[in-house]
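Here's the structure, in structure tokens; my notes come after.
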Amino acid sequence: MKYNFDTPVNRRNTNSLKWEVEQNELPMWVADMDFQTAPEVRETILERASHGVFGYSIVPDEWYQAYISWWQKKHKFSIEKDWLVFCTGVVPAISSAVRKLTTPAEKVLIQTPVYNIFFNSILNNGRQVLESSLKYSDGLYGINFDDLEEKLSDPQTSLMILCNPHNPVGKLWDKETLEKIGELCWKYNVVVLSDEIHCDLTDPGTDYIPFASVSEKCRENSITCIAPTKAFNLAGLQTASVVVPNAFLRHKIWRALNTDEVAEPNAFAVDAAIAAFTKGEAWLEELRQYIFENKKITVEFVKEKIPQLRVVPSQATYLLWLDCSDMKGYAAEAAQYIRDTTGLYLSEGSQYGHSGDSFLRINIACPRSVLKDGLSRLAEGIKSYEAQISN
């Protein structure tokens, strides 16, 4: 490999949200990689920093072209320049869209278990969360279309937030599924907001399908949030984009983002994004392979050492969803016990909706030595937890 993903980076004392933990603790929770971003991106940031003047920034043509070229090359989706709107982040974009496209007390549909911040963006803005739980059978997830249609048909449902690829279950939605979602949302006048931030973190040899690329109805009735932040570990630079092909919806989103003051880049946001999409491809390909190998190690370890847990098959993201339904006790209680006794910090599945109550989420985007340490702590913690509740 040209790039080094094996050497741990000490992130303590860097004001890191993830690593603001006790010395004995190992955080494998929030979706934040423990790898330095691509050297090519770091060089660009350092060059910009060396200039020494950090005034207000514009969004140049190069930024638009970087997104357009990347999505055409990597995802076979042709984006027009006018469709792109800069935003400081996917979550700010989602919250702005909820405020602009719905009215207080209206319902916003989400497919649980799903990224927990979706709940915040809905509830904190005075809207109702409407859950359409995914079907879970034989360790695999799918969509309950009968339930989905029933809830989309509710006149109070005005927006659906789609997670594509799906966090936390690592699901890649196929074209037929996305098209069916698009047809139903068009039928019931429900706008689709598709969070596609994990789209570049698919397993090697696989790709995601942009929702807006599937059909004319999907394109004209959707808002898509994309960014280099997850794939290149740039979340702290606050750089993202919203893709809105429909001119009427685009004007609403443009107004929403500007009203909320989340449409202007900081001094590094634009240059870092351009560098990632124009210079970071080789690094990303090696990263995807490294994460894929981490997945295989995790699956084999759990199968051999913690057979009462199951790793849900994943096609995307660096987050693995652990089925604890055959384990003694309760997943949320086990998560706290594991942290208290071993220092391993995981995410409780209950954060992602009630259908996640019997699950834990683990972040495996870390050097292999760190992963193996985490897995050993997990095995130790589960064994001790089950013994403790059996007494």
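3J(HN,Hα) along the stretch 134-139: 5, 6, 10, 8, 6, x Hz, from the Karplus curve 6.51 cos²θ - 1.76 cosθ + 1.60 with θ = phi - 60°, whole Hz, x for Gly and Pro. With kT/(6 pi eta Rh) evaluated at 4 °C and eta = 1.567 mPa s, and Rh the Kirkwood radius from Cα pairs, the stretch 12-104 diffuses with a coefficient of 74 µm²/s according to Stokes-Einstein.
Multiplying each eigenvalue of the alpha-carbon gyration tensor of the chain by 5 and taking the square root yields semi-axes of 32, 28, 19 Å, largest first, rounded to whole angstroms. Taking each residue as 0.36 nm, the span from V299 to N144 lengthens on full extension beyond its C-alpha to C-alpha distance by 53.1 nm. A full extension of the chain between N120 and K76 corresponds to an added length of 12.6 nm, given 0.36 nm per residue minus the alpha carbon distance.
Checking the Cα-Cα distances for K73/K296; K151/K295; K74/K171; K18/K372; K76/K303; K230/K296 against a 30 Å cut-off, the pairs over it are K151/K295; K76/K303.
Taking a quarter of the surface of the Cα convex hull of the stretch 44-151 gives a mean projected area of 11.0 nm².
I'd like the chymotrypsin sites (Phe, Trp or Tyr not before Pro) in the stretch 35-97 restricted to DSSP loop residues with at most 10 other Cβ atoms within 10 Å, sorted by number. Within the stretch 35-97, the qualifying chymotrypsin sites (Phe, Trp or Tyr not before Pro) (loop, at most 10 other Cβ atoms within 10 Å) are Y56.
Where only DSSP H runs of four or more residues are counted, the chain gives -13000 deg cm²/dmol as its mean residue ellipticity at 222 nm, each run worth -39500 (n - 2.57). For the stretch 321-391 versus the stretch 115-163, the inter-centroid distance based on Cα atoms is 26 Å. Whole-Hz Karplus values for the stretch 252-268 come out as 4, 5, 4, 5, 4, 5, 6, 4, 7, 6, 10, 10, 10, x, 7, 5, 10 Hz, taken residue by residue from phi with 6.51 cos²θ - 1.76 cosθ + 1.60 and θ = phi - 60°; glycine and proline positions read x. Restricting the stretch 44-150 to GluC sites (Glu not before Pro) that sit in a DSSP loop and have at most 12 other Cβ atoms within 10 Å of their own Cβ leaves E80. Heavy-atom surface analysis with a 1.4 Å probe gives the chain a carbon and sulfur content of 48 percent of its accessible area. Between S390 and I58, the modelled labels are 6.9 nm apart [label points 7 Å from Cα along Cα→Cβ]. Please compute the modelled spin-label separation between K2 and H251, points set 7 Å along Cα→Cβ, answer in nm with one decimal. Each label point lies 7 Å from its Cα, and together they span 4.6 nm.
Among the trypsin sites (Lys or Arg not before Pro) in the stretch 50-140, those located in a DSSP loop and surrounded by at most 12 other Cβ atoms within 10 Å of their own Cβ are K76.
DSSP beta bridges fully contained in the chain are about 50 percent antiparallel. Placing +1 on each Lys and Arg Cβ and -1 on each Asp and Glu Cβ, with no other charges, gives the chain a dipole about its Cα centre of roughly 160 debye. Taking every alpha-carbon pair under 8 Å whose residues sit at least 6 apart, the stretch 233-391 reaches a relative contact order of 18 percent. Counting every alpha-carbon pair across the stretch 179-258, the share separated by more than 20 Å comes to 39%.
Under the simplified labelling scheme, the V9-D154 pair shows an inter-label distance of 4.2 nm, with each label point 7 Å from Cα along Cα→Cβ. For the stretch 1-51, the equivalent ellipsoid derived from the Cα gyration tensor has semi-axes of 24, 15, 9 Å, listed largest first. Normalise the Debye intensity by I(0) for the stretch 203-333, one equal point scatterer per Cα, no solvent, then take log10 at q = 0.14, 0.19 Å⁻¹ and round to two decimals. So the normalised log intensities are -0.89, -1.13. Amide H contacts of I223: V192, L193, S194, each under 5 Å away and 5 or more positions distant or on a separate chain (H built 1.01 Å from N in the peptide plane; Pro and chain starts excluded). Per residue, the accessible area of the chain comes to 43 Å² when a 1.4 Å probe rolls over the protein heavy atoms. Once the chain from K279 to E43 is taken as fully extended at 0.36 nm per residue, the excess over their C-alpha distance is 83.9 nm.
The values are calculated or read from the model by the stated rules, or taken from the named source; none is laboratory data. Please read these numbers as outputs of a predicted model, since none were measured by experiment. Every residue, glycine as well, gets a Cβ built from its backbone with ideal geometry; the counts of neighbours run over all protein chains shown. Just the protein is used for accessible areas: all its heavy atoms, side chains included, with ligands, DNA and RNA removed. Shrake-Rupley method; radii C 1.70, N 1.55, O 1.52, S 1.80 Å.
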